Amino acid sequence: MKTYVLFAFDMETDIGSYLKTYDGVREGTGRILAILEKHRVPATFLFTGEAALANPEAVRQVAAAGHEVGCHGLRHETVGDAHFHMPNDTPILESEVEHRLRMAVRMVRDASGTQPVTFRAPRLWQGRAQVRALEKLGFQVDASYSVAAHKDRILPYHPSREDWLAPGRMRLLEIPNFAFLDAETDYSRFFCGNDQWPLLRLLGADFVRRGARHVVARQAETSTVTVLLFYLHPWEFVPMPERCDYDEGTFLFKPELSKNCGDVMTGEFDSYIGMCREDGFQFTTCRDFCRIWRSHERKD
Amino acid sequence: MRGKTDERYLMFGFDMETDVGSTSRTYEGVQHGTQPCIDILERHGVQATFFFTGDCALKNMNILDLVKGKGFEIGCHSMYHEDMGEPSFNTSSQGMILEEEMEHRLEMNRRIVREATGKDPVSFRSPRGFGSNGLMRTLKKLGFSVDSSYMQSMHLKRNYPYYVAEADWREEGAGDILEVPLFAFDLENAADNDYQKKLDCWPRIRTHGAEFVFRNMKPVVEKQLAEKGRSALAFYLHPWEFHPMPRSIHYAEGTLTYDEFLYKNTGHKQVEEMDRFVSLCIADGFRIVDFRTIGVIFERGRAA
């Protein structure tokens, strides 16, 4: 049995959809790259088209260090199945998905010099139209499935064209973002329930290490290849504000959004990589994991 | 051609949308605030235009039928109250829709209103008053003839209706769209204009009261009469102003607290002030018409 750890960073505006700044991409990326280099660990960086356009230097740094550069939408727009109501967020129409995706791919490719093959939907709100568009545009991996939100699938699968949440015959590989599955902890008290995020930042490396063992064990019941896909953000590696003023009011974020952003998160991420090494886990990119999984499928 | 000096027009446009603009998914204002608006308009026997988003129309067909049944003009206000065109202030929104996405969305809006009313809508207002040359081209293509999106408080220059120039929608030209600006008060102070809290006509009927608005719009009217021989001032209002609105909303990732001007005096106070304002205007001899009608009046002037 082999366990792969995939770190995939969503390269977007600060605190996702709320701020219009790129402090995380500009200052957090260097911190992440330094830790990855120290441990000689590859990772995946998923840029929105606009983030790539606005931060070409960050894209070049990531690509020059040998990491995978993928895509995270054009403007962090949501397209599909919302997990909750967000003020001032209206999903784009299905008919608009492919055009925006093409624009995003072009921007990311122009900045990185390579064709992106991995995608993640902003907020993990994936939808049928976008999954189909990804297949059409030659993407190999969609890293959007949230185990916390959708529950059913804990291992990678090829989605159905009709229902992306169900296994089917698409070439695209859906890799689930894991959620904690043990009964020892009452996850309902957390901000995002049993979702992995943002518990590395809030509760630290030890907590995640313990919880992840259960996840791996559960996957190992049916598969000899197991995988822990993380979603993280560069803005978690620099201090973030607790509120945002704009011209009609003020957002007061739940503390979980900004707590421990900066040095604490940087330290926990560093520690966690060390623990994964001790546990014998291997590190790879989403793109390379896709190859591993395909060859594993052929063997079965 | 100059009109007569008693040609003083006021237009009221109600933006039929989710509560407090784009921040919520609810239609409490549309459901409970529309009837009070209609009562006021009927009591004084005046016209108005109700600009429906496509989504609002689909989800509140009872209200659209009510408005239609009373014979008021029904115009369009985009599909989902999306931001489009050129932003003139910092919203909390995800970002504008792309220029190439505009036509399809406005066509959806137009078709929904067309099917519900049996008439082709002619009047449009853009969410948040964000306009662009592309928006004007799209409106023309879809058969609209009147737009009321230009905000004098933002663009500073105009408060009198004008036909847009193709090269720049904010300038007067030979285009087919009549732009009916949303007026601002005394522009002498425009240098320290702080969006809609100082000069914009909205939301002062609610926040400052009928007398204040009536008194302060007079210099604007007089200036138009002196320069154009006719006056025409447009107001924008929302049914959610006629129903109490919350100070904040809670959601999964935090709390959105509105600035006071958004919720202050929503409900009864706004109903009273609006009624009072219409009374004052009628007693003073203003003619209150809908946007379609002001379009016809200006078209007639243009032909002459």
Applying the gyration tensor rule to the Cα atoms of chain A (axes a ≥ b ≥ c; rounded if a/c under 1.5, else prolate if a/b exceeds b/c, else oblate), the class is rounded
In nm, the gap between the two label points placed 7 Å beyond Cα toward Cβ at B:Ala165 and A:Lys2 is 6.7
Measuring from its Cα centre, segment B:8-303 shows a charge dipole (+1 at each Lys and Arg Cβ, -1 at each Asp and Glu Cβ) which, in debye to the nearest 20, is 800
Classified through the alpha carbon gyration tensor (a ≥ b ≥ c as square roots of its eigenvalues; rounded if a/c is under 1.5, else prolate when a/b is larger than b/c, else oblate), segment A:1-141 comes out prolate
B:Ala226 and A:Ala183 label points (each 7 Å along its Cα→Cβ direction) are spaced in nm at 8.4
Inter-chain shielding metric for A:87-99, i.e. average beta-carbon neighbours from other chains within 10 angstrom, reads 6
When the charge dipole of the protein assembly as shown is computed with +1 at the Cβ of Lys and Arg and -1 at the Cβ of Asp and Glu, the Cα pointing farthest to the positive end, of A:Gln61, B:Tyr258, B:Gln47, is that of A:Gln61
Answer in debye to the nearest 20: the dipole magnitude of the protein assembly as shown about its Cα centre, from +1 Lys/Arg and -1 Asp/Glu charges placed on Cβ, is 940
Taking the protein assembly as shown, the whole-percent share of alpha-carbon pairs separated by over 45 angstrom is 28
Inter-chain shielding metric for B:34-41, i.e. average beta-carbon neighbours from other chains within 10 angstrom, reads 0
Looking only at lysines whose Cα falls under 19 Å of A:Lys20's and that sit 8 or more positions away or on another chain, we get A:Lys254
Averaged over residues of B:254-262, the number of beta carbons from other chains lying within 10 Å of each residue's Cβ is 6
Per the 1/(1 + (r/R0)^6) rule, R0 = 35 Å and r from the Cβ atoms of A:Glu57 and B:Glu100, FRET efficiency to 0.05 is 0.75
Once the in-chain neighbours fewer than 8 apart are removed, the lysines whose Cα is under 30 Å from B:Lys141 read B:Lys59, B:Lys68, B:Lys70, B:Lys119, B:Lys157, B:Lys228
From fewest to most C-beta neighbours within 10 Å, the residues A:Lys151, A:Lys259 line up as A:Lys151, A:Lys259
Among A:Cys71, A:Phe281, A:Gly193, the residue whose Cα sits farthest towards the positive end of the charge dipole of chain A, when +1 is placed on the Cβ of each Lys and Arg and -1 on the Cβ of each Asp and Glu, is A:Phe281
With a ≥ b ≥ c from the Cα gyration tensor eigenvalues, square-rooted, and the rule rounded for a/c under 1.5, otherwise prolate when a/b > b/c and oblate otherwise, chain B is rounded
In debye to the nearest 20, the charge dipole size for segment A:1-82, taken about the Cα centre with +1 at each Lys and Arg Cβ and -1 at each Asp and Glu Cβ, equals 360
Per the charge dipole of segment A:2-299 (beta-carbon charges, Lys/Arg positive, Asp/Glu negative, Cα centre), the residue among A:Tyr246, A:Val97, A:Pro116 reaching farthest to the positive end is A:Pro116
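Any read-out appearing in this document is the output of simple, stated calculations on the displayed coordinates, not a laboratory observation. Because the structure is a prediction, the values reported are computed rather than measured. Cβ: placed from backbone, ideal geometry, glycine included. Neighbour counts: every protein chain shown.
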